[in-house]
Each structure stands twice: as C-alpha cells, then as structure tokens.
Amino acid sequence: MPITWFLHVKAHEEWIHHFNSLEKQEIALHGYEHGTSSSYEHIINNIQQGKQIMTDAGLIPKGFCVPYAIWNKSLGDVLATFNFKYSSEFTLGYDTTPFHPIHNDHQHPTLQIPIHPICTGSLNRLNVPESEMGHYFKKVLNAKVKHIQNVIFYHHPMQKGTHLWKRIFEEVNKLGLATLTFTEIADFWAHRKE
C-alpha cells in the first residue's frame with residue numbers, strides 16, 4: 001500500500017540512503033531536528049538542513065509536516081519559500097478536505113492536507129488497550145466511508161499498535177478504497193482546482 005513517510009532526518013541521517021529502496025512509498029520531510037518553533041529563522045534552517053541531506057541522498061521531498069503538527073504564520077511563510085506541494089498540520093485543520101490556510105486575509109500557497117488527529121500514541125498515553133484502539137480506528141474508517149469523506153490516519157512506527165494498521169489496511173483493500181500518497185492527493189486537488 002502506498003504510504004507517505006515524514007522523515008525526521010537527524011534520527012536517520014547515518015542510513016538515510018536506505019529509504020531509496022522503499023517501493024511505491026513517498027518520503028517527505030519532517031524537519032532535520034524534531035521540534036517546533038515560531039521563529040522564521042529557526043524553521044527555515046531546520047527545513048533547509050533536512051531537505052539538503054535528503055536531496056544529497058537522492059530523496060526529493062515534495063511535502064512537509066512540522067513535528068507536533070503545530071502550524072503558525074512563520075511556518076506558512078517559510079513553506080511558501082520552499083514550494084512544497086503540501087503540508088499537513090492537524091492543529092490548523094483536521095478531518096476535512098484539503099485547503100489553503102488564510103491568515104490576516106492572506107492565503108498561503110502551500111496546500112494543507114488534513115489528517116485524523118488521533119494516533120495510537122495519543123490513545124496509549126490515555127492507557128487505551130490495543131484492542132480498543134483497533135475498534136476506534138475501524139469505527140472512524142467506517143464512519144468516514146459512510147459519509148464519503150477522506151480517510152487519512154497517521155502513526156509513528158516506534159509507538160505501540162503498529163500491527164493494528166495491517167488490519168486497517170486489509171479493511172481498506174476489502175472496501176476497494178483508493179490508496180494515495182500525500183503527493184497524489186495534492187496533485188488531485190491541484191487538478192480539481194484548475
């Protein structure tokens with residue numbers, strides 16, 4: 001299944017070239033360091049450093065997601081300078097259709113692709129048993145399909161519950177849903193806008 005992986009570059013810098021071997025997977029940028037800021041200079045440096053290392057390794061990131069998903073005006077301004085096709089920060093919007101952020105009557109050019117804001121890590125911090133996590137995500141999936149809505153989940157691979165996604169993916173395939181990377185979603189919305 002095609003998946004978009006947002007890469008925290010510093011954590012994988014020593015073996016980043018291995019990501020080139022993943023087939024039908026999109027590798028996007030999650031910053032060089034795993035942190036957030038409202039400082040334009042800090043954000044631009046974090047993105048530049050991560051993007052350069054990825055590019056040197058043969059990975060061309062078309063999208064970005066700031067750590068902790070905290071969008072702010074400085075981030076919007078920085079993203080415009082990099083010409084990313086999309087970004088995804090659920091503090092700005094979630095469980096809706098893609099949109100362009102508006103701040104002080106200014107529309108930012110980088111498409112926001114909203115996701116569902118709950119992951120297994122969120123549920124784990126609330127001591128939700130893994131069996132209930134599976135029921136939760138299946139319930140969200142079924143409700144979104146019933147209402148003909150986008151279904152975009154996220155997960156951190158080092159968090160508990162990774163095996164739950166196999167069952168969710170099986171359900172997605174059983175339902176015959178289109179499976180797209182974030183770039184494919186962004187391309188669809190750009191075409192739709194035209």
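Just a few scattered comments:
- Scanning segment 69-86 for residues that are closer than 14 Å to residue 109 by Cβ and among the hydroxyl-bearing types (Ser, Thr, Tyr), we see that the one that is most open to solvent (accessible area, probe 1.4 Å) is 81.
- Applying a threshold of 8 Å to beta carbon distances and a minimum spacing of six or more residues, or different chains, the list of pairs starting in segment 106-128 at a residue that is farther than 18 Å from residue 65 by Cα and touching a residue at least 12 places away in the same chain (Cβ under 8 Å) and ending at one that is aromatic (Phe, Trp, Tyr) and surrounded by 13 or more Cβ atoms within 10 Å (Cβ to Cβ) reads 123/136.
- Residues in segment 20-41 that are out of contact with any Phe, Trp or Tyr (no Cβ under 7 Å at 6 or more places or on another chain) and surrounded by fewer than 17 Cβ atoms within 10 Å (Cβ to Cβ): 20, 21, 22, 23, 24, 34, 35, 38, 39, 40, 41.
- Residue list for segment 53-68, filter: out of contact with any strand residue (DSSP E or B) (no Cβ under 9 Å at 6 or more places or on another chain), open to solvent by 30 Å² or more (accessible area, probe 1.4 Å) and farther than 22 Å from residue 155 by Cβ: 53, 55, 56, 58
Residue-by-condition table, conditions (1) within 26 Å of residue 12 (Cα to Cα); (2) at pLDDT 95 or above; (3) assigned to a helix (DSSP H, G or I); (4) not acidic (Asp, Glu):
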position	(1), (2), (3), (4)
122	yes, no, yes, yes
141	no, yes, yes, yes
144	no, yes, yes, yes
150	no, no, no, yes
156	yes, no, no, yes
166	yes, no, yes, yes
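The values are calculated or read from the model by the stated rules, or taken from the named source; none is laboratory data. Predicted model, so just to flag it, every value in this text is computed and none were measured. Please note: Cβ atoms are built from the backbone with ideal geometry, for glycine as well, and neighbour counts cover all protein chains shown. Please note that ligands, DNA and RNA were not included when accessible areas were found on the heavy atoms of the full protein model with its side chains. Shrake-Rupley method; radii C 1.70, N 1.55, O 1.52, S 1.80 Å.
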